[in-house]
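Please treat every number below as a calculation from the coordinates, not as lab data. Keep in mind it's a predicted model, so treat the numbers as computed, not measured. Cβ atoms come from the backbone with ideal geometry, glycine included; neighbour counts cover every protein chain shown.
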Number of protein chains: 2
Amino acid sequence: MSFDLDGFLPYRLSVAAARVSRRFAALYEAEAGLTIPEWRVLAHLARSGSVSVRDIHERVALDKSVVSRAASRLETAGWLRKSGHETDRRLIVLELTPEGEALMARLGAIAARFQAELCAELGPGAEAFAAALSRLAGEG
Amino acid sequence: MSFDLDGFLPYRLSVAAARVSRRFAALYEAEAGLTIPEWRVLAHLARSGSVSVRDIHERVALDKSVVSRAASRLETAGWLRKSGHETDRRLIVLELTPEGEALMARLGAIAARFQAELCAELGPGAEAFAAALSRLAGEG
DNA sequence: ACATGTTCGTTGCAGAAGCAATGACTTTCA
DNA sequence: TGAAAGTCATTGCTTCTGCAACGAACATGT
């Protein structure tokens with residue numbers, strides 16, 4: 001018997017991730033016209049406070065260039081502010097503007113609702129599911 | 001407290017999927033220089049026999065244009081053959097060449113090994129994990 | 001102090017994805 | 001039958017990703 005794509009985990013994982021991302025992207029696209037990388041940068045900033053491009057790049061699984069360009073767009077849109085680091089002048093410090101924080105408050109609520117929706121779809125196994133994802137994302 | 005990206009399912013799903021896809025892509029890239037869409041088209045063909053671009057597009061979560069271009073590359077590489085449909089001349093029938101089947105036999109074995117590796121990493125919850133993925137991929 | 005190597009953010013560029021439009025063909029229905 | 005609508009694969013075109021290269025700023029070792 002030949003290979004079964006439908007049972008293949010990398011494939012199923014890709015399809016599920018793409019579908020879920022799309023669903024959620026529609027929400028914040030409607031709310032603020034954000035792309036996926038922009039959303040991730042904002043979300044990370046909301047949690048971590050001021051942080052460099054490098055930090056985000058490492059924590060958020062986005063290429064440096066993607067973070068850099070997303071940050072520039074977000075800056076001109078007024079959601080975040082760039083400033084130089086005190087002692088290390090190579091670093092650029094990113095932080096939310098008040099508008100950015102207000103936006104993230106709204107998006108955070110939307111995200112929480114969406115998360116609840118997903119958990120409902122997953123049923124009681126949601127916890128174990130999330131743990132399994134961590135294991136897969138763990139080490140490359 | 002502000003939003004926690006790390007606990008957010010769509011994010012974790014994306015990261016895990018990207019990481020797993022990358023790991024596996026390295027394998028078939030080394031074996032045959034395939035891209036992800038090319039791999040998916042071949043894998044689907046191996047299972048379904050001769051099939052149209054439209055079929056693959058629907059079953060495999062790839063844009064029509066992506067399937068079309070992947071099929072063209074695979075044809076010039078000699079892994080598959082295009083031919084016209086008997087009665088409906090709009091359709092293009094794709095099927096593996098003998099070389100393509102031989103390739104998929106090798107890749108199928110590699111994929112099975114990789115799947116086993118993943119299941120080992122997931123432990124006993126692998127079954128439930130796969131079921132959860134189906135639920136998420138189910139309906140948009 | 002100074003040369004070498006590293007790290008940071010940005011930019012250039014080749015390749016890929018996503019979407020609409022096109023041309024060829026088929027179905028439908030008046 | 002014949003016109004309109006639908007379906008199929010391909011092709012253009014814009015946008016984005018991913019990688020390498022670059023200039024600027026620090027670190028290290030002599």
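Data for the structure
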quantity	calculated
Derived scalar couplings ³J(HN,Hα) [the stretch A:43-59; Karplus, 6.51 cos²θ - 1.76 cosθ + 1.60; whole Hz; x for Gly, Pro]	4, 5, 5, 4, 8, 9, x, 6, 7, 8, 4, 4, 4, 4, 3, 6, 6
Over the protein assembly as shown: helical MRE at 222 nm, DSSP H runs n ≥ 4 each giving -39500 (n - 2.57), nearest 500	-23000 deg cm²/dmol
Amide proton proximity set for residue B:93, modelled H, under 5 Å, gap of 5+	B:83, B:84, B:85
Cα centroid of the stretch B:108-131 to Cα centroid of the stretch A:1-65, whole Å	23
Coordinate range along principal axes, alpha carbons of the protein assembly as shown, Å, largest first	66, 39, 36
Most mobile of B:78, B:125, B:100 in a GNM of chain B (Cα contacts under 10 Å)	B:125
Other copies of residue A:85: label-to-label distances in nm, shortest first, labels 7 Å along the beta-carbon direction	5.9
Volume of the Cα convex hull of chain A, divided per residue and given in Å³	147
Ascending list, in nanometres, of distances separating the residue A:116 label from those of the other copies (7 Å, Cα toward Cβ)	4.5
Hz values of 3J(HN,Hα) by residue in the stretch A:87-95 - Karplus curve (6.51, -1.76, 1.60), Gly and Pro given as x	9, 9, 7, 6, 6, 10, 8, 9, 8
Under 5 Å, built H, 5+ apart or other chain: amide partners of residue B:80	B:75, B:97
